[in-house]
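Enquirer: Below is a structure I'd like to ask you about.
All of the numbers you see were taken from the coordinates with simple rules; none came from a lab. Predicted model, so just to flag it, every value in this text is computed and none were measured. Quick reminder, even Gly has a Cβ in these numbers, built from the backbone with ideal geometry, and neighbours come from all protein chains shown.
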Amino acid sequence: MREFDSQVMYTAGDVALLINRSRQTILAWDALSDFWEQEHGVRFTPKPVRDNGQRLYSKTQVREIKKFVDSKKSGIMAKAKREMEEKKKGKMSKENKQNWALDRK
């Protein structure tokens, strides 16, 4: 727990303890939410404030994350993860093809 702009904020580790999940899960949900927001304009979890690379959440954001945990559908998270991985693979294979074409010349 930290104070940021005279407001009590919770780190990803604090949030993880409060909702009984791992810190890595919180970070993964944030990464998936960033991707989903770029692609579809909606986030799964609230956007944290970042201070020196640390994700900070307000008390209301922690409540929203808790609601998300209680009501989340595993199918939509799996779909988001699949889309994100496919997009990564698509970029990598495109880069590999370009590099291969350059090597052949």
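Enquirer: Can you give me the distance in nm between label points at Lys89 and Val49, each placed 7 Å from the Cα along the Cα-to-Cβ direction?
Expert: It is 4.0 nm.
Enquirer: For Lys89, Lys72, what's the fewest-to-most ordering of other Cβ within 10 Å of each Cβ?
Expert: Arranged by neighbour count, lowest to highest, Lys89, Lys72 become Lys89, Lys72.
Enquirer: When the Karplus curve 6.51 cos²θ - 1.76 cosθ + 1.60 is applied with θ = phi - 60°, which whole-Hz ³J(HN,Hα) does each residue of region 59-68 get, with x for Gly and Pro?
Expert: 5, 5, 5, 4, 4, 4, 5, 4, 4, 4
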